[in-house]
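> What follows is a structure written as structure tokens; I'll ask about it next.
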Amino acid sequence: MSSTGSRARAAGLLPVAAWAATRAFLLLCVLGVLVLPGPDVTTDVSMIYQGWSEVLKSGSFPLDDVTWQYPPAATLPVLAPGLLPFLPYATAFAVLVLAADAAVLALLLRAGRRAGHRTAGAWVWTVGVALLGPTAYARYDLMVTAVAVAALYAGVRRPRVAGALIAFGTLLKVWPALLLAGAPLRGRRARALWGHAAGWAAGLTLCAVALAPGALAFVTFQRDRGTEIESLGALVFHIARHFGWGGEVLLNYGSVEFLGPGVPLVSALALALTAAAGGWLVLWRLRTRELTAAVLPDAAFTAALLFTTTSRVISPQYLLWLVGLAAVCRTVRGSRQGWPAALVLLATGVTLLEFPICFSEVVGSTTQGITLLLLRNGLLVAASLSACRRLWAATHGGRDATVRAGVPGARPAVTSAGAAHTRATSR
């Protein structure tokens with residue numbers, strides 16, 4: 001028993017050691033000790049975030065800056081470095097992201113020790129964040145992902161806490177609302193989850209509106225965005241530039257976008273594709289009556305994949321959302337998202353190559369830049385389709401014997417033999 005326990009402890013320490021080594025590398029990068037090729041990814045923090053923090057301290061949202069495209073709770077990570085006044089703003093921000101990163105690892109390791117779970121999720125998180133490179137520590141998306149991971153784990157036993165966390169995450173960066181994609185619709189726990197999500201979202205929004213002007217300005221600031229050059233639709237213009245397309249590449253609304261002939265049409269098609277993805281999710285949910293323990297994270301992962309892949313903007317940090325949700329899926333033995341999770345990890349590694357290492361090639365629409373985008377976006381498309389197919393099969397494949405336990409509002413499974421026995425005894 002002692003040798004078995006020693007091996008188990010050693011296995012648990014391996015992801016921690018790998019995490020520590022990779023995070024030391026990321027910190028060296030964001031602190032400027034090590035420099036990767038390409039643009040400096042830390043300027044968002046040292047210039048944009050820090051500038052926003054000064055405006056927010058004055059009691060107003062950055063209404064004169066259209067790059068402020070975030071819900072009101074985004075003020076918290078932007079102002080949070082002030083909690084460490086003895087450190088420069090950018091350094092304090094990196095330390096706080098590191099703390100959030102460690103919290104996610106701890107959640108995954110703790111969940112991996114439960115019955116019906118495994119520690120594979122900790123490895124997905126450790127490797128996935130490292131593959132994205134220093135961008136992971138130069139945006140606040142990792143903090144949002146930490147809230148989402150906590151919400152998914154709370155959803156099983158603490159639906160009220162899960163609802164509050166989902167509401168808070170949504171007011172940080174909207175996408176955590178997708179965690180409700182696989183939430184149950186009936187039962188006491190379902191009412192607690194949805195009720196607290198709606199109640200906290202409404203309450204926090206009203207508080208933000210009352211405290212400072214411009215809390216909801218982010219909604220209209222998104223309206224006139226073009227097609228970001230790393231998105232799926234942007235591939236049309238990358239290729240069209242080689243055939244005389246007359247548009248241009250400009251820094252617009254905080255990201256590098258294509259502007260010119262055909263861009264409004266492609267952007268509209270991207271929105272239509274996103275709407276179609278949402279329609280598929282609604283159809284899947286309406287036809288799903290019983291939920292397994294894996295459906296909540298699997299559905300959240302699939303929804304995030306669909307909305308990320310079809311978006312007009314696929315910023316590199318968006319891959320953090322997918323890595324975090326994939327990690328949760330991989331802790332649950334009943335999850336069927338193993339292959340899509342592997343594709344996301346591959347896409348994350350390619351993302352580091354296209355940004356920041358070869359970003360000039362992407363901006364210039366060179367053969368190398370287009371190839372990297374085709375590969376990364378192709379992997380995301382493949383992951384999305386595979387995730388949809390596996391989610392549908394898991395809930396509509398006639399696998400009634402799957403254990404349906406631990407999910408708010410889920411009903412116990414009934415095998416065909418058990419159903420026959422029930423009918424016989426009820427007569």
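The values are calculated or read from the model by the stated rules, or taken from the named source; none is laboratory data. Nothing here was measured: the structure is a model prediction, and the numbers come from that model. All Cβ positions, even for glycine, are placed from backbone atoms using ideal geometry, and neighbour counts span all protein chains on display. The area values use the complete protein model at the heavy-atom level, side chains included, leaving out ligands, DNA and RNA. Shrake-Rupley method; radii C 1.70, N 1.55, O 1.52, S 1.80 Å.
> Kindly check whether there is at least one residue in the stretch 311-327 that is among the small types (Gly, Ala, Ser), within 14 Å of the chain's Cα centre (by Cα) and assigned to a loop (DSSP other than H, G, I, E, B).
Keep residues of the stretch 311-327 that are among the small types (Gly, Ala, Ser), which gives 311, 315, 324, 326-327.
If we keep only those that are within 14 Å of the chain's Cα centre (by Cα) as well, we get 311, 315, 324, 326-327.
Still in the list and also assigned to a loop (DSSP other than H, G, I, E, B): 311, 315.
Within the stretch 311-327 (the criterion being among the small types (Gly, Ala, Ser), within 14 Å of the chain's Cα centre (by Cα) and assigned to a loop (DSSP other than H, G, I, E, B)), the answer is yes, since at least one residue qualifies.
> All but one of (1) at pLDDT 95 or above; (2) open to solvent by less than 20 Å² (accessible area, probe 1.4 Å) hold for residue 408; state the number of the condition that does not hold.
Against the list (1) at pLDDT 95 or above; (2) open to solvent by less than 20 Å² (accessible area, probe 1.4 Å), residue 408 comes up short only on (1).
> Continuing with the same structure: Filter the stretch 26-57 for residues that are more than 20 Å from residue 141 (Cβ to Cβ) and part of a helix (DSSP H, G or I); which is most open to solvent (accessible area, probe 1.4 Å)?
Residues of the stretch 26-57 that are more than 20 Å from residue 141 (Cβ to Cβ), as a first pass: 28, 32-35, 37, 54-55, 57.
Next cut, part of a helix (DSSP H, G or I) only: 28, 54-55, 57.
Values: 28: 71, 54: 106, 55: 55, 57: 138 Å².
Among them, the one singled out is 57.
> Return only the number of the condition from (1) open to solvent by less than 30 Å² (accessible area, probe 1.4 Å); (2) touching a helix residue (DSSP H, G or I) at 6+ places or on another chain (Cβ under 6 Å); (3) in a loop (DSSP other than H, G, I, E, B) that residue 66 does not satisfy.
(1)
> Of the residues 98, 83, which single one is modelled with pLDDT of 95 or more, in contact with a helix residue (DSSP H, G or I) (Cβ under 8 Å, 6 or more places away or on another chain), surrounded by fewer than 22 Cβ atoms within 10 Å (Cβ to Cβ) and under 21 Å from residue 173 (Cα atoms)? Lay out the reasoning, then the answer.
Numbers: 83 fails: under 21 Å from residue 173 (Cα atoms).
Within the list 98, 83, the selection yields 98.
> So in the stretch 2-25, with the set limited to residues that are under 20 Å from residue 119 (Cα atoms) and open to solvent by 70 Å² or more (accessible area, probe 1.4 Å), which one is modelled with the highest pLDDT? Step through it out loud before you land on a result.
Applying the first criterion (under 20 Å from residue 119 (Cα atoms)) to the stretch 2-25 yields 3-23.
Of the ones still in play, those that are also open to solvent by 70 Å² or more (accessible area, probe 1.4 Å) are 4, 7, 9, 13-14.
Details: 4: 52, 7: 58, 9: 62, 13: 85, 14: 92.
Step by step, filter the stretch 2-25, then rank; the result is 14.
> Of all the residues that make up the stretch 213-244, how many are buried (at least 17 other Cβ atoms within 10 Å of the Cβ) and either under 18 Å from residue 55 (Cβ atoms) or at pLDDT below 95 (or both)?
Adding up the residues that qualify gives 8.
> Here's a follow-up. How about the stretch 277-310: which of its residues are buried (at least 20 other Cβ atoms within 10 Å of the Cβ), modelled with pLDDT under 95 and part of a loop (DSSP other than H, G, I, E, B)?
Correct list: 291, 292, 293, 294.
> Give me a count of the residues in the stretch 245-263 that are in contact (Cβ under 8 Å) with a residue 24 or more places away in the chain, surrounded by fewer than 18 Cβ atoms within 10 Å (Cβ to Cβ) and either more than 15 Å from residue 230 (Cα to Cα) or among the charged types (D, E, K, R) (or both).
1
> Taking the stretch 265-276 on its own, how many of its residues are open to solvent by 70 Å² or more (accessible area, probe 1.4 Å) and within 12 Å of residue 227 (Cβ to Cβ)?
Here the count works out to 3.
> How many residues are open to solvent by 10 Å² or more (accessible area, probe 1.4 Å), among the small types (Gly, Ala, Ser), in contact (Cβ under 8 Å) with a residue 12 or more places away in the chain and on the phi < 0 side of the Ramachandran plot if we restrict to the stretch 113-137? Show your work before the answer.
First, pick out the residues of the stretch 113-137 that are open to solvent by 10 Å² or more (accessible area, probe 1.4 Å): 113-120, 123-124, 127, 130-131.
Now drop any that are not among the small types (Gly, Ala, Ser), which leaves 115-116, 120, 130.
So of that shortlist, the ones also in contact (Cβ under 8 Å) with a residue 12 or more places away in the chain come out as 116, 120, 130.
From what's left, on the phi < 0 side of the Ramachandran plot: 120, 130.
Number satisfying all stated conditions: 2.
> A further question on this structure: Evaluate the following for residue 208: is it open to solvent by less than 60 Å² (accessible area, probe 1.4 Å) and touching a Pro at 6+ places or on another chain (Cβ under 9 Å)? Before the answer, list the steps.
On the way: open to solvent by less than 60 Å² (accessible area, probe 1.4 Å): yes; touching a Pro at 6+ places or on another chain (Cβ under 9 Å): yes.
The answer is yes for residue 208.
> Report, by residue number, each residue of the stretch 168-199 that is farther than 20 Å from residue 294 by Cα and either over 21 Å from the mean Cα position of the chain (by Cα) or among the hydroxyl-bearing types (Ser, Thr, Tyr) (or both).
Result: 170, 195, 196, 199.
> Just name the residue that is most open to solvent (accessible area, probe 1.4 Å) out of those in the stretch 151-193 that are under 22 Å from residue 110 (Cα atoms) and among the charged types (D, E, K, R).
Among those that are under 22 Å from residue 110 (Cα atoms) and among the charged types (D, E, K, R), it is 157.
> Being free of Cβ contacts under 8 Å to residues at least 24 places away in the same chain and within 17 Å of residue 98 (Cα to Cα) is the filter here; which residues of the stretch 13-32 pass it? It would help to see each step written out before you state the result.
Residues of the stretch 13-32 that are free of Cβ contacts under 8 Å to residues at least 24 places away in the same chain, as a first pass: 13-14, 17, 20-21, 24, 28, 32.
Matches in the stretch 13-32: 17, 20, 21, 24, 28, 32.
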